[in-house]
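A short write-up of the structure that comes next.
The values are calculated or read from the model by the stated rules, or taken from the named source; none is laboratory data. Bear in mind that the values here come from a model prediction, so they are computed numbers and not experimental data. When we count neighbours, we look across all protein chains shown, and the Cβ atoms used for this are built from the backbone with ideal geometry, even at glycine. These accessible areas exclude ligands, DNA and RNA; they are computed on the full protein's heavy atoms, side chains included. Shrake-Rupley method; radii C 1.70, N 1.55, O 1.52, S 1.80 Å.
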Amino acid sequence: MTYYMLNKPSGCVSARIDREHPTVMELFPEEERKTLFPLGRLDKNTEGLLLVTDDGKLNRRLLDPECHVEKKYHLWATGVPTVEMEAAFARGLWLKGIPQPTRPARFEVLKTGQLQDIAPILFPSRRGLLEDDPEMPVFSAYLWLTEGKRHQVKRMLEAVGSCVVALRRVGFGPLTLDETLRPGQYRTLREEEVRLLREAAGL
């Protein structure tokens with residue numbers, strides 16, 4: 001079995017094939033693409049830790065919400081964080097079009113600033129905000145999820161009156177993003193890392 005940790009760059013999608021956008025698989029040698037697949041999905045403009053493997057059983061187990069494997073995200077969002085915001089994540093949030101609330105999530109505010117402070121890392125779709133209000137208040141936070149609904153981080157922040165402007169996944173279960181990997185780079189998982197992942201998946 002083959003296991004890689006990729007620091008996913010912005011601008012590509014987490015899929016094996018896509019007719020409209022470049023995929024993360026194009027970062028790997030052509031001879032490996034037929035057997036490898038990304039473990040889960042990150043949005044096109046979301047960066048960070050993405051596991052790529054040919055271990056289908058591990059893939060299914062780690063993505064099963066019943067396994068409660070946490071994914072850790074570092075985000076920047078607009079607005080001013082509140083105590084009520086943290087409590088809302090802990091209770092679970094109702095998202096449009098979903099019949100049940102999200103699972104309780106941990107949320108930790110790190111620091112506050114202004115939009116112009118983080119200009120280099122803004123989503124391309126959010127850079128227009130700089131022209132409108134460069135001093136717009138923003139904050140950074142960690143968010144831990146045990147499920148993976150479509151655009152979940154962005155939708156959860158919208159549900160509390162905020163807007164995500166930059167997002168990276170920095171942890172998956174027992175693994176933390178290797179910060180020596182530049183966006184687009186990857187490395188083979190160490191034997192101990194594979195063992196910890198399999199334990200987290202109950203294998």
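Might you check whether a residue that is within 13 Å of the chain's Cα centre (by Cα) and outside any loop (DSSP other than H, G, I, E, B) occurs anywhere in segment 16-26?
Taking every residue of segment 16-26 in turn, none turns out to be within 13 Å of the chain's Cα centre (by Cα) and outside any loop (DSSP other than H, G, I, E, B).
Which residue pairs have Cβ atoms under 6 Å apart, sit 6 or more places apart or on different chains, and have a first residue in segment 97-122 that is over 25 Å from G11 (Cβ atoms) and without any contact (Cβ under 8 Å) to a residue 40 or more places away in the chain and a second that is open to solvent by less than 80 Å² (accessible area, probe 1.4 Å) and of a type in the set (S, T, Y)?
So the pair list comes out as E108/Y142; L110/S140; K111/S140.
For (1) within 15 Å of G92 (Cβ to Cβ); (2) open to solvent by 20 Å² or more (accessible area, probe 1.4 Å); (3) in contact (Cβ under 8 Å) with a residue 12 or more places away in the chain; (4) not aromatic (F, W, Y), each residue gets a yes or a no:
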site	(1), (2), (3), (4)
D132	no, yes, no, yes
V138	no, no, yes, yes
A141	no, no, yes, yes
K149	yes, yes, yes, yes
V153	yes, no, yes, yes
V165	no, no, yes, yes
L177	no, no, yes, yes
T180	no, yes, no, yes
Q185	no, yes, yes, yes
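Restricting to segment 70-93, what's the tally of residues that are open to solvent by 40 Å² or more (accessible area, probe 1.4 Å), part of a loop (DSSP other than H, G, I, E, B) and closer than 30 Å to L197 by Cα?
Here the count works out to 1.
In segment 102-122, how many residues are open to solvent by 50 Å² or more (accessible area, probe 1.4 Å) and in contact with a strand residue (DSSP E or B) (Cβ under 6 Å, 6 or more places away or on another chain)?
7
Pull up segment 113-153, narrow it to residues that are outside any helix (DSSP H, G or I) and of a type in the set (G, A, S), then point me to the one that is farthest from R103 (Cα to Cα).
Taking the candidates together, the pick is G113.
Quick test of your reading of the structure: P99 fulfils all but one of (1) modelled with pLDDT of 90 or more; (2) open to solvent by 60 Å² or more (accessible area, probe 1.4 Å). Name the failing condition by number.
(1)
Can you tell me which residue within segment 126-168, out of those that are touching a Leu at 6+ places or on another chain (Cβ under 8 Å) and hydroxyl-bearing (S, T, Y), is farthest from L39 (Cα to Cα)?
Applying the filter and picking the extreme gives S140.
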